[in-house]
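Just so it is clear, none of the values below were taken in a lab; they were calculated from the coordinates. These numbers come from a predicted model, not from an experiment. Neighbour counts are summed over all protein chains in view; Cβ atoms, including those assigned to glycine, are modelled from backbone coordinates with ideal geometry.
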Amino acid sequence: MKYKKKCIIIIGMHRSGTSAVAGLLNNVGINCGKDLLPVSKFNKRGYFENREVVAINEELLKEYSATWDTNISFENVQFGANQTLRNRAKKVLEEFVDDDVFLLKDPRISLLFPFWEDLLTKSGVLIECILVIRNPIEIADSLRKRNDLDFDYSINLWYNYVKQAEIFSRPYSRIIVHYDDLLSKDKDLQNSINKFLQDSRVRVDLKTQNIVSRQLKHSNIEFDSNVLTSTHKKLYSILSRKQLDTEILDEIYSDQARDEKFYTNKVANLGTTFYIDQGEGFSEDNTRKVPLNIVNGFSIVELKLNERTAIKQIRWDPLEHSCSVAVIDIELAVGGKKYPVDYKGLLTNGFWIDVDTIIFESEDPQIYFPKINNKNISIKLIFDVLDRTTKLGRSLVPFSVSCKKKMNEAKQRISKLENSIFDFNSKNEQYVSYFKSLEVATSLLKNEVEELQAENKQILAAFNELKAEQISTVNEKNLLLKRKDKEINEKNLLLEQKNKELDELFLKMNGTIELNLSISAEKSHWKNSYDLLLNDLDNLKRDRTQLENRLEEMKIKNRIKSFFK
């Protein structure tokens with residue numbers, strides 16, 4: 001068959017790094033879709049999940065009464081019945097009509113792979129797969145923080161997702177990407193991804209990609225094989241080495257299925273025991289052995305009692321040997337009325353390691369219900385139990401050992417504290433004597449304080465007197481200021497009147513000045529005329545003198561002339 005285009009499907013468990021891989025490919029140009037889920041506080045760089053793809057997957061799961069965190073297998077399921085969802089999925093594929101290669105990413109596809117596989121192959125699309133792997137303990141820790149999921153349930157959920165994703169993707173070209181290699185920007189991983197994408201004409205450079213950052217990894221837990229079952233440990237080990245040997249993987253899956261069937265049958269056949277106390281204490285003569293009903297891996301048991309003598313208390317022995325019990329739900333009815341049960345309020349010879357999980361190292365595990373006094377009692381329990389010898393489902397014994405170790409350390413610390421207390425008591429008399437001397441000093445200080453308080457009262461009284469005097473002085477000054485203000489206002493009025501008179505005087509002076517200027521001009525004119533007259537007078541005097549001189553000359557000439565006659 002000739003394929004028109006290619007679809008890369010990213011599969012793997014939630015919180016395993018699928019978003020980081022999808023973001024990496026999206027950054028180099030591989031289309032994830034138009035309408036993507038928004039970022040959140042749990043994924044600040046984005047999920048790179050097509051909103052409609054997620055919605056379709058949720059609807060598919062809902063048809064089987066499941067959600068993303070339901071531990072369910074779709075290995076033998078046919079998804080062809082719901083034509084409405086197929087039509088919606090076809091519209092999603094139409095978004096990529098212009099893309100030679102595109103990307104589908106949603107961890108739910110790990111379970112629902114056959115639905116999308118059928119749709120893509122019939123549309124002429126080549127499928128290639130990237131299986132993302134991460135330390136399952138870190139995944140469980142991340143799911144605990146985000147969804148409050150139980151550790152062991154998350155580990156089993158991881159196994160279910162990875163197993164189905166691996167089996168469904170076998171017919172297609174695929175690679176494994178380990179989240180830690182992605183964070184460390186491993187060169188070999190970069191080469192593997194580029195080789196896988198060589199037909200897509202894109203290349204990635206991990207060193208330049210900010211979509212991958214160790215700062216965004218909030219769960220950093222070193223891998224500890226002691227908290228995993230042998231099956232889970234083997235699966236993670238082989239996938240971490242990038243090995244996809246289907247024979248080895250099938251053997252792992254087969255061992256897990258066989259052990260689960262054996263354990264389920266064993267627990268169901270063993271049943272569980274209730275001890276009844278009707279006033280004479282608990283004894284083997286008054287017990288109820290109840291078989292277990294195993295549903296989806298959980299044990300369900302119901303006990304109904306209608307006795308002639310009132311029941312004082314009930315003790316529940318989950319198994320006849322050491323085990324761990326996770327209490328999922330308890331329904332207690334007394335006299336036909338239901339009562340809530342506080343798990344932490346249950347007395348037990350085991351110890352709690354979680355909000356709902358008890359571990360028993362005793363070969364006779366016991367859980368005591370609250371004391372009652374009624375003939376009619378009904379109990380329904382939903383729980384998960386682990387036979388320690390099988391190491392299946394839960395593996396809590398290592399936690400028990402760790403807790404014991406911590407308890408011993410705590411006892412040692414308590415012993416040291418007791419020694420410290422003894423030393424303290426030996427010095428207690430010195431402290432008492434010291435405290436007595438402090439009491440004497442305190443008494444003396446108290447007397448000094450009282451004296452100071454008395455002085456303070458006197459100072460305060462003097463201050464108040466001064467304050468009163470100051471207030472009186474201020475009031476007098478205020479009255480004086482008011483009088484001064486009044487005088488100033490009167491002076492201002494008088495000044496305004498004088499200013500008016502002065503203005504009138506200035507007007508008169510201006511007239512006088514103009515007159516004086518006119519007289520001065522006239523005076524200057526007459527002075528000039530007077531000066532001219534004086535000048536004329538001087539001229540006349542010179543002329544007269546000249547005339548007199550000529551007349552004298554003429555007289556002399558006439559005398560001379562007369563003489564000569």
Jot down the per residue volume, in cubic angstrom and as a whole number, of the convex hull over the alpha-carbon atoms of the stretch 70-179.
128 Å³
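How high is the FRET efficiency between THR208 and ASN31 when r is their beta carbon distance and R₀ equals 25 Å, given to the nearest 0.05?
Details: r = 20 Å, r/R0 = 0.81.
Step by step, r from the Cβ atoms, then E = 0.80.
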Can you report the principal axis dimensions of the stretch 1-71 using only the alpha carbons, biggest first, rounded to whole angstrom?
40, 36, 21
So what's the projected area for the stretch 98-143, the Cα convex hull averaged over all directions, in nm²?
4.2 nm²
Under a crude label model (7 Å from the Cα following the beta-carbon direction), how far is SER472 from TYR434 in nanometres?
5.8 nm
Kirkwood Rh over Cα pairs of the stretch 1-121 into Stokes-Einstein at 10 °C, 1.306 mPa s: D in µm²/s?
106 µm²/s
Hey, what number do you get for the chain at 222 nm if only DSSP H runs of n ≥ 4 count, each worth -39500 (n - 2.57), divided across all residues, to the nearest 500?
-18500 deg cm²/dmol
For the stretch 419-565, evaluate the Debye formula with one uniform point scatterer on each Cα (no solvent term) and list log10 I(q)/I(0) at q = 0.14, 0.21 Å⁻¹, rounded to two decimals.
-1.02, -1.22
Neighbour-count ranking [beta-carbon atoms within 10 angstrom, fewest first] of LYS234, LYS304, LYS41, LYS337
LYS41, LYS337, LYS304, LYS234
If you count the DSSP beta bridges with both ends in the chain, what percent of them are antiparallel, to the nearest 5?
70 percent
Give me, ordered by chain and number, the residues 5 or more places off LEU149 or on other chains with an amide H under 5 Å from its own placed amide H.
ARG144
Starting from the amide H of ILE328, placed 1.01 Å from N in the peptide plane, find each other amide H under 5 Å away whose residue is 5 or more places distant or on another chain.
ILE382, PHE383, ASP384
Which whole-Hz ³J(HN,Hα) couplings does the stretch 42-48 yield from phi under the Karplus relation 6.51 cos²θ - 1.76 cosθ + 1.60, θ = phi - 60°, glycine and proline marked x?
8, 8, 6, 9, x, 9, 6
To the nearest µm²/s, what D does Stokes-Einstein give for the stretch 5-220 at 20 °C and 1.002 mPa s, using the Kirkwood radius over alpha carbon pairs as Rh?
122 µm²/s
Given the C-alpha atoms of the chain, compute the convex hull and give its volume per residue in Å³.
704 Å³
Quick one: if the Förster radius is 51 Å, what FRET efficiency do ASN306 and ASP245 give, using the C-beta to C-beta distance and rounding to 0.05?
0.30
extent check for the stretch 464-545: Cα max minus min per principal axis, descending, whole Å, gives 111, 24, 9
Given a Förster distance of 25 Å, the FRET efficiency implied by the Cβ-Cβ spacing of ALA55 and GLN78, rounded to the nearest 0.05, works out to 0.70
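What Kirkwood hydrodynamic radius, in Å, does the stretch 270-395 give when the mean of 1/r is taken over all pairs of distinct Cα atoms and then inverted? Working shown, then result.
Numbers: mean 1/r = 0.0671 Å⁻¹.
Final number for the Kirkwood radius of the stretch 270-395 is 14.9 Å.
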Sequence neighbours fewer than 8 away in the same chain don't count; with that in mind, list the lysines whose C-alpha is under 25 Å from LYS523.
LYS508
Which lysines does LYS375 reach when only Cα atoms under 27 Å apart count, and residues fewer than 8 places away in its own chain are ignored?
LYS289, LYS304, LYS312, LYS337, LYS338, LYS344
Given the pairs LYS187/LYS233; LYS6/LYS195; LYS44/LYS242; LYS145/LYS185; LYS62/LYS380, which span a C-alpha to C-alpha distance of over 19 angstrom in this model?
LYS187/LYS233; LYS44/LYS242; LYS145/LYS185; LYS62/LYS380
Counting sequence-distant residues (5 or more places) and residues on other chains, those with an amide H built under 5 Å from that of GLU49 are LEU37
